[in-house]
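A.B. asks: To start, I am sharing the structure in question, which I have written as structure tokens.
The values are calculated or read from the model by the stated rules, or taken from the named source; none is laboratory data. Everything numeric in this text was worked out from a predicted model, so none of it was measured. All Cβ positions, even for glycine, are placed from backbone atoms using ideal geometry, and neighbour counts span all protein chains on display. Heavy atoms of the whole protein, side chains included, go into the accessibility calculation; ligands, DNA and RNA do not. Shrake-Rupley method; radii C 1.70, N 1.55, O 1.52, S 1.80 Å.
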Amino acid sequence: ILLTAPLRGVVVLLLVGFTWLLASALFGGDSSLSVRNIFTAEPRPRRYKCGLSAPCPPKHLAFRLVSGAANVIGPKICLEDKMLVSSVKNNVGRGLNIALVNGVTGELLETKTFDMWAGDVSNLLKFLRPLHEGTLVFVASFDDAATKLNDESRRLFEELGSTAVKELAFRDSWVFVGAKGIENKSPFEQRMKNSKSSNKYEGWPESLEMDGCIPLRPPLES
């Protein structure tokens with residue numbers, strides 16, 4: 001008997017289904033679930049920028065920050081599905097990992113790391129002092145981010161909207177997004193205290209992960 005192409009396809013599907021039913025019956029599987037999976041693929045969870053669970057509103061930037069894990073796994077800074085800072089990009093370092101972003105356009109301006117264990121805090125001060133109004137500042141810690149911080153550096157971060165930096169201590173985990181000229185405290189900040197009783201790793205607290213949507217600023221009036 002000659003079958004047309006569509007009919008041959010139907011026969012093949014029926015044979016596959018029958019074979020699956022037979023195998024499930026023999027080996028004790030859930031035949032109804034198995035057959036259903038043959039004909040209907042399970043929908044995959046939709047992925048949004050930087051792995052967010054929902055899309056950001058228009059004129060907002062999607063971001064995700066991950067602090068370093070102990071002194072082994074480096075931090076990550078993702079913005080609009082672009083990895084700005086990561087070990088893969090080979091631009092992470094012990095201390096503070098910072099990305100500067102134009103708050104009007106969302107354009108990356110610069111990334112830099114500052115060693116807060118053996119480095120010179122004056123380099124951090126020179127970096128933060130001249131920031132322009134509206135500049136977004138993304139910060140992720142790695143290993144130790146606090147030992148070399150002084151009063152002025154902490155004050156500069158407070159002016160960017162941080163409330164945790166004044167208490168930031170040796171090997172604390174810290175992620176933060178602030179902005180030059182912010183009027184209120186930033187809603188994007190987390191700190192995990194280094195504590196022997198609660199540390200996830202020996203000598204270090206667990207890594208922090210934070211994501212969200214940051215509104216772009218309207219262009220500054222000239």
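A.B. asks: Straight-line reach from Lys76: which lysines have a Cα under 16 Å away, not including same-chain ones fewer than 8 places off?
C.D. replies: Lys49, Lys89, Lys112
A.B. asks: Can you tell me the order of 196-208, 112-124 when each peptide is scored by its average per-residue count of other Cβ atoms within 10 angstrom, highest first?
C.D. replies: Values: 196-208: 13.8, 112-124: 17.0.
Highest mean packing first, the order is 112-124, 196-208.
A.B. asks: Based on the Cβ-Cβ distance of Thr147 and Glu110, what FRET efficiency does E = 1/(1 + (r/R0)^6) give at R0 = 30 Å, to the nearest 0.05? Provide the component values of the computation, followed by the final result.
C.D. replies: Values: r = 24 Å, r/R0 = 0.79.
It comes out at approximately 0.80.
A.B. asks: What is the percent of Cα-Cα separations in segment 62-215 that go past 27 Å?
C.D. replies: Numbers: 1536 of 11781 pairs.
When all Cα pairs of segment 62-215 are counted, 13 percent exceed 27 Å.
A.B. asks: Going by average Cβ density within 10 Å per residue, which order do the peptides 149-159, 46-56, 91-101 take, highest to lowest? Each step should come with its number before you reach the end.
C.D. replies: Details: 149-159: 16.5, 46-56: 13.6, 91-101: 22.6.
My ranking of the peptides, most packed first, is 91-101, 149-159, 46-56.
A.B. asks: For His132 paired with Asn102, estimate the spin-label separation in nm (one decimal), with each label point 7 Å from Cα along the Cα-to-Cβ line.
C.D. replies: 0.7
A.B. asks: Using a 1.4 Å probe and counting only protein heavy atoms, arrange Thr135, Thr105 so the residue with the most accessible area comes first. Don't jump to the answer; show the numbers that get you there.
C.D. replies: Working: Thr135 10, Thr105 90 Å².
The ordering from most to least exposed comes out as Thr105, Thr135.
A.B. asks: What aspartates and glutamates does Lys200 reach when the alpha-carbon gap must be under 14 Å and sequence neighbours fewer than 8 apart in one chain are set aside?
C.D. replies: Those aspartates and glutamates meeting the cut-off are Asp143, Asp172.
A.B. asks: May I ask you to order 164-175, 180-191 by the average number of other C-beta atoms within 10 Å around their residues, highest value first?
C.D. replies: Numbers: 164-175: 20.2, 180-191: 15.1.
Per-residue mean Cβ counts within 10 Å order the peptides as 164-175, 180-191.
A.B. asks: For the pair Arg47 and Val121, what calculated FRET efficiency results from E = 1/(1 + (r/R0)^6), where r is the Cβ-Cβ distance and R0 = 41 Å, to the nearest 0.05?
C.D. replies: Numbers: r = 39 Å, r/R0 = 0.96.
That gives a FRET efficiency of 0.55.
A.B. asks: Residue-wise, which Karplus ³J(HN,Hα) couplings in Hz belong to segment 100-107, taking 6.51 cos²θ - 1.76 cosθ + 1.60, θ = phi - 60°, and x for glycine or proline?
C.D. replies: 9, 9, 5, x, 9, 9, x, 6
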